[in-house]
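Trainee: Structure provided below as structure tokens; questions to follow.
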Amino acid sequence: MDFHLTIVGLLVGLLVGLTGVGGAALLTPILLFLGIQPTIAVGTDLVYNAITKVFGTWQHWRQKTVHFSIVLYFALGSIPSAIAAVHLMNWVHRHVDGADLILKKILGFALILIPLAMLAKNLLDRRQPALNRRQQVTFGQKRPILIVIGAALGFLVGLTSIGSGSLFAIALMHFFNLTGKEVVGTDIAHAFLLTTAAGLTHMSYGTVHLATVFPLLLGSVPGVLMGSMLSCKMPAALLRYVISVFIIISGIKIIQI
């Protein structure tokens, strides 16, 4: 089983490196299809993602492409909300009949939503750079909305492990006039804090399978490096659309289980 998980990690890492698609949207359905319980799949995925984002956060911090003021206000909403979502998930798992089925349905809908969000992000990436009305508002005026957005999206991430990157990246592009590297760096730094908080909360409930995390990391680290090197030689945009369709189909299948 460890060998199989290493291969899964290698494939996920390769696709992430090639296309930039979020690893959680790829890994969570795979864990479910392998028969892992939904709460453990989510908790394991969050810890896996937190570890993988350490290196990206460090690199972007060194490159000075992280806006820590934005990260702070997103985190003020997202971290408490994600922790609350983990507590709710575990309460439902203990006290509600058919909890696994309910969580699978939620995960399925999230897996349909996130690829659509990623496609929307791609469309935003292609827009001509022009300031919109929200980007022209002062940072002080944006603080409350950043906290609210953080709370809403953080709850979804805590409940499903999905969306820590793509959804927050869309918010960053919508509210701030940042370069591509600044969007990625700020997004990764916030995602690291968010997934770490949610992952640690899952660990407190014992819903993280560390024996699954390490084989996945063993494969995903070289996979990301290989994918990043090949990205300039592969049609990343086409792959991104194909993977998005695959994730949507996975979401539909999970809903139908």
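The values are calculated or read from the model by the stated rules, or taken from the named source; none is laboratory data. Keep in mind that this is a model prediction, so the values were computed, not measured. Cβ atoms come from the backbone with ideal geometry, glycine included; neighbour counts cover every protein chain shown.
Trainee: Check Ser220, Ser204 and return the single one that is surrounded by fewer than 18 Cβ atoms within 10 Å (Cβ to Cβ) and assigned to a helix (DSSP H, G or I).
Mentor: Only one candidate qualifies: Ser204.
Trainee: Considering region 140-167 alone, what residues qualify as being in a helix (DSSP H, G or I) and modelled with pLDDT under 85?
Mentor: Of everything in region 140-167, those that are in a helix (DSSP H, G or I) and modelled with pLDDT under 85 turn out to be Ser166, Leu167.
Trainee: Report yes if some residue within region 90-104 is assigned to a helix (DSSP H, G or I) and touching a Gly at 6+ places or on another chain (Cβ under 8 Å); otherwise report no.
Mentor: Checking region 90-104: not a single residue is assigned to a helix (DSSP H, G or I) and touching a Gly at 6+ places or on another chain (Cβ under 8 Å).
Trainee: Ile70 fails exactly one of the following numbered conditions: (1) more than 17 Å from the chain's Cα centre (by Cα); (2) more than 20 Å from Thr179 (Cα to Cα); (3) surrounded by 24 or more Cβ atoms within 10 Å (Cβ to Cβ). What is the number of that condition?
Mentor: (2)
Trainee: Output the residues belonging to region 173-188 that are closer than 23 Å to Leu111 by Cα and surrounded by 24 or more Cβ atoms within 10 Å (Cβ to Cβ).
Mentor: Asp187, Ile188
Trainee: With (1) of a type outside the set (A, V, I, L, M, F, W, C); (2) under 28 Å from Phe74 (Cβ atoms); (3) at pLDDT 90 or above as the list, and Ser231 as the residue in question, which single condition is left unmet?
Mentor: Checking Ser231 against (1) of a type outside the set (A, V, I, L, M, F, W, C); (2) under 28 Å from Phe74 (Cβ atoms); (3) at pLDDT 90 or above, the one that fails is (3).
Trainee: Restricting to region 60-84, count the residues that are out of contact with any helix residue (DSSP H, G or I) (no Cβ under 8 Å at 6 or more places or on another chain) and at pLDDT below 90.
Mentor: 2
Trainee: Just to be sure, is Phe192 among the aromatic types (Phe, Trp, Tyr) and over 19 Å from Ala41 (Cα atoms)?
Mentor: When the stated conditions are applied, Phe192 does not pass them.
Trainee: Does His87 meet the test of being out of contact with any helix residue (DSSP H, G or I) (no Cβ under 6 Å at 6 or more places or on another chain) and either over 29 Å from Val8 (Cβ atoms) or not hydrophobic (A, V, I, L, M, F, W, C) (or both)?
Mentor: yes
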